[in-house]
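One structure is given below, encoded as structure tokens.
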Amino acid sequence: MTPLLEPKEIEVSLIGGGTKTFVISKFPAVAGREIVTQYPVTATPKVGDYRANEELMLKLLSYVAVPVNSSEPLRLSTQALIDNHVPDYEALMRLEFAMMEYNTSFFTNGKASNFFQGLLTKVQTSALQMLTQWSQQSSGKK
């Protein structure tokens, strides 16, 4: 397994209170391209593909580690390691978002909401066009 690139310790809030420390890192170029271009699309409600998004989440978290007593942090390279070291789903989502922020310039400084709003607008426009076309075809209008 390649070493973590530019590792950075962060604290993630937990549902029950308190925080947990994780080590996040930069993605290698090719993995980063796949994750960043596919992650938001596969997560879009009613349009995305949950299984594909889950696979990308597992890939994303393989670049996250937890500090342990040994010299090297433990990489979250399997679903079992994620389930054992990420205490709740909100922490998992915060960790995913922290990774996207750390690895992209357009997810920082409030730009993430603009990115997702733009994506939502595109999806809504596409869906509206498809529904309009389907409606015209089903009513016999051209």
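What follows is calculated from the coordinates using simple rules that are stated; it is not laboratory data. Because the structure is predicted, anything quoted here is derived from the model rather than measured. All Cβ positions, even for glycine, are placed from backbone atoms using ideal geometry, and neighbour counts span all protein chains on display.
Please arrange Ser13, Ser25 by how many other C-beta atoms lie within 10 Å of their C-beta, fewest to most. Please report the intermediate quantities before stating the final value.
On the way: Ser13 13, Ser25 21.
Starting with the residue having the fewest Cβ neighbours, the order is Ser13, Ser25.
Leaving out same-chain residues fewer than 8 places away, which aspartates and glutamates sit with a Cα under 12 Å from that of Lys59? Within the straight-line cut-off, Lys59 pairs with Glu34, Glu96.
Once you list every other residue whose beta carbon is under 9 Å from the beta carbon of Tyr63, what net charge do they have if Lys and Arg are +1 and Asp and Glu are -1?
Net local charge, Tyr63 excluded: +3.
A cut-off of 5 Å between modelled amide H atoms, ignoring neighbours fewer than 5 places along the same chain, links Leu5 with Lys26. FRET efficiency for the Ala29 to Glu54 pair, using the beta carbon distance and R₀ = 30 Å, is estimated at 0.85.
Say each of Thr37 and Tyr89 gets a label point 7 Å from the Cα, pointing the same way as Cα to Cβ; how far apart are those two points in nm? Each label point lies 7 Å from its Cα, and together they span 3.0 nm.
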